[in-house]
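To keep things clear, I will list the structure first and then write my remarks on it.
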Amino acid sequence: MANLKDIKNRIQSVESTKKITRAMKMVAAAKVKKSETAVKSARPYTRELVFMFQKLLNSVTEFSRETLKIKYAIDDYPALLEKREIKNVGMLVMTSNKGLAGAYNANVVRDVLKRIKQYKEDGIGVYLFVAGQKGISALRKKCVQLGCPIEKKYFSAVDTPSPIEARDIAEDMAEYFVEKKIDKIEIVTTRFKNMMSYFVEDWQVLPVVGVTDVHNRITDDILDPLMEFMPDKHHILQKVVPMYMTNIFYQALLEAQASELASRMTSMSAATTNAEKMIKELTIEYNKTRQTAITQELIEVVNGANSLK
């Protein structure tokens, strides 16, 4: 039977763990509400931007860079809208910097590995752009075996999503696309559903054929070819394409952050409940052991008294 001191130490250890998990649950709960508000506030803008972008593309029949001043790869819209055979894919993977978020990171990594293997079977190469320390750690060794290098790593973007961070990521991937290192850009992220659930999704950013927004609003059938452009369609597209790419990446960052926090809150809540259950069981075991020890001592005293008679 376990020693009373050992049981007491285990109770104290679990109590300490419960305090940590409860604190983490409260922190995640406070943050996830703010993150949920940010996600839901950004979705209407993303929806309308994609809708407008689709209408614009359906109204333009040719692309030209003759009159454009191109400073960054993301400004080279003719190259970004070019359709070509897909030989290599640039995949942005959204994970977290911190653990203790349940199966959040494992679900994303599992989906990424599944997609990489499928691409390899089809003879398509994969270049990874990974946001979050957990994703980098999980994919580093496996990607060496699969032959898909991690080209870029991002850390602060997943903790504090911002349009500036999204723009930097979009510029990196646009540069690879313009230089024809990759022929397709996609994002593996998680769609926030509510405080209790999320699911892994794959968003195609480029090529933009058949664009749908994050609410699956298909815009192919809603065409408006009669559009006038000022100053001209090429300069407008040069502004809109970076806006489209940056906003898609920003939306993905917001969705991933909200999903991570929701998963951590749920996980820490379950851990706190399990700790309370374990403390209760250990307390019962402690009391039984203590009662057994007292009973044994009484028996020894009685036996000792009887032996003196």
Being of a type outside the set (Phe, Trp, Tyr) and free of Cβ contacts under 8 Å to residues at least 40 places away in the same chain, is that true of even one residue in the stretch 53-60?
no
Checking the conditions here, which among Lys117, Lys98 is of a type in the set (D, E, K, R) and either more than 26 Å from Pro161 (Cα to Cα) or in a helix (DSSP H, G or I) (or both)?
Lys117
For the stretch 154-189, enumerate the residues that are buried (at least 20 other Cβ atoms within 10 Å of the Cβ), among the aromatic types (Phe, Trp, Tyr) and either free of Cβ contacts under 8 Å to residues at least 24 places away in the same chain or not in a helix (DSSP H, G or I) (or both).
Tyr154
If a residue has to be more than 30 Å from Ile294 (Cα to Cα) and acidic (Asp, Glu) to count, how many in the stretch 3-39 make the cut?
1
Hits in the stretch 225-276 - residues which are part of a helix (DSSP H, G or I), surrounded by fewer than 18 Cβ atoms within 10 Å (Cβ to Cβ) and of a type in the set (D, E, K, R)
Lys239, Glu276
Taking the stretch 285-309 only, how many residues are surrounded by fewer than 11 Cβ atoms within 10 Å (Cβ to Cβ) and part of a helix (DSSP H, G or I)?
16
Any residue that is within 15 Å of Ile187 (Cα to Cα) and surrounded by fewer than 19 Cβ atoms within 10 Å (Cβ to Cβ) - is there at least one of those in the stretch 45-65?
no
Could you tell me whether any residue of the stretch 25-47 is touching a residue at least 12 places away in the same chain (Cβ under 8 Å), touching a His at 6+ places or on another chain (Cβ under 8 Å) and part of a helix (DSSP H, G or I)?
yes
Just to be sure, is Arg110 more than 21 Å from Met173 (Cα to Cα) and either without any contact (Cβ under 8 Å) to a residue 60 or more places away in the chain or part of a helix (DSSP H, G or I) (or both)?
yes
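Read the figures in this text as sums done on the coordinates, not as results from a lab. Since the structure is predicted, the reported quantities are computational estimates derived from the model, not experimental observations. As a convention, Cβ positions derive from the backbone with ideal geometry for all residues, glycine included, and neighbour counts pool all protein chains shown.
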